[in-house]
């Protein structure tokens, strides 16, 4: 089973960069896939990779990261202006950021139109004790 | 400190009196196994007659920053460009020592390599601020839309660092320049084969344009 956790932009907009990254990494370390509204700043994406590297251990092997963002080339002038205006007023809420633990997400393939998320094969065994039935004589 | 502040200020204004354009710090950046060290070796062989880095099919062969000072190249018009060539460890978002075990390494060796590789990624990111020009080396046989590539290029753009994209491994049939051009249409892209020295003349010409 794969668990997704939605992080609305309002949850992180007042946080410092360090707190944002720590919050996202905390969720990922719980083996959940983060679906964050909006995107991190460019330097925050680099910081996220840096902090991820600092925290790599035998249990935590890193992250898979992908950002979906509206293709500005396909927007007309009005849409671009509205988007820029909304960014100034409300922060960079456009698009969506997906962050998954490398132990769960094998890879994320991204092109402008679609995102494919490949998960690792589940190695977990069925829950519950094994029952053996003996034939009654 | 004051000099650094002024340098940052002028770089934001796209005017930098401290910059010595004839001698730049040129970084090779990109994901692991894209061919950064192979390209660094090719450049050094072409202009200095010696290699600078070891290469391997196993990812994260380069785990620390390597610098070759005073690399002097000339173009067809006789212009010269001198740079310090900085070969950086590949930037990745995950490192699993078990991947190295699968490539035949012993457990102790694999764990040590993974630990060094994580430090290498951190160093690469920290060194971004030191660069004056960057060649992003991508494997032309792989999907260019990975977030690592986008993050590297986005961070260089945010720092106003000139970028040349080298699409490496064009000698392989699976190489697809069109996909890379479509992914990064705003950048100069040159296809090369660092291993076989293919299209290096074009690479050097583009380097002059980007680094000037």
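The values are calculated or read from the model by the stated rules, or taken from the named source; none is laboratory data. Here the structure is a predicted model, which means the values were calculated and not measured. When we count neighbours, we look across all protein chains shown, and the Cβ atoms used for this are built from the backbone with ideal geometry, even at glycine.
Quick notes
- Filtered residues of the stretch A:23-48 (kept if buried (at least 16 other Cβ atoms within 10 Å of the Cβ), touching a residue at least 12 places away in the same chain (Cβ under 8 Å) and facing chain B (nearest Cβ under 9 Å)): A:43, A:45, A:47, A:48
- A count restricted to the stretch B:117-133 and to residues that are within 11 Å of chain A (Cβ to nearest Cβ) and surrounded by fewer than 20 Cβ atoms within 10 Å (Cβ to Cβ) stands at 5.
- Scanning the stretch B:137-163 for residues that are closer than 19 Å to residue A:40 by Cα, in contact with a strand residue (DSSP E or B) (Cβ under 9 Å, 6 or more places away or on another chain) and within 9 Å of chain A (Cβ to nearest Cβ), we see that the one that is surrounded by the fewest Cβ atoms within 10 Å (Cβ to Cβ) is B:157.
- The residues of the stretch B:164-184 that are away from chain A (no Cβ under 14 Å) and not in a strand (DSSP E or B), listed by number, are B:169, B:170, B:171, B:172, B:173, B:174, B:175, B:177.
- Residue B:135 in a strand (DSSP E or B) and under 14 Å from the mean Cα position of the chain (by Cα): yes
- Looking only at the stretch A:50-86, and only at residues there that are modelled with pLDDT under 80 and loosely packed, with under 11 Cβ neighbours inside 10 Å, the one that is nearest to residue B:124 (Cα to Cα): A:71
- Within the stretch A:107-133, being more than 19 Å from residue A:36 (Cα to Cα) and modelled with pLDDT of 65 or more holds for A:120, A:121.
- In the stretch B:26-49, of all residues being part of a loop (DSSP other than H, G, I, E, B) and touching a strand residue (DSSP E or B) at 6+ places or on another chain (Cβ under 9 Å), the one that is nearest to residue B:210 (Cα to Cα) corresponds to B:30.
- Check on residue B:121, in contact with a helix residue (DSSP H, G or I) (Cβ under 8 Å, 6 or more places away or on another chain) and closer than 18 Å to residue A:54 by Cβ: yes
- Single residue of B:25, B:36, B:66 found to be within 24 Å of residue B:100 (Cα to Cα), surrounded by fewer than 21 Cβ atoms within 10 Å (Cβ to Cβ) and at pLDDT 85 or above: B:66
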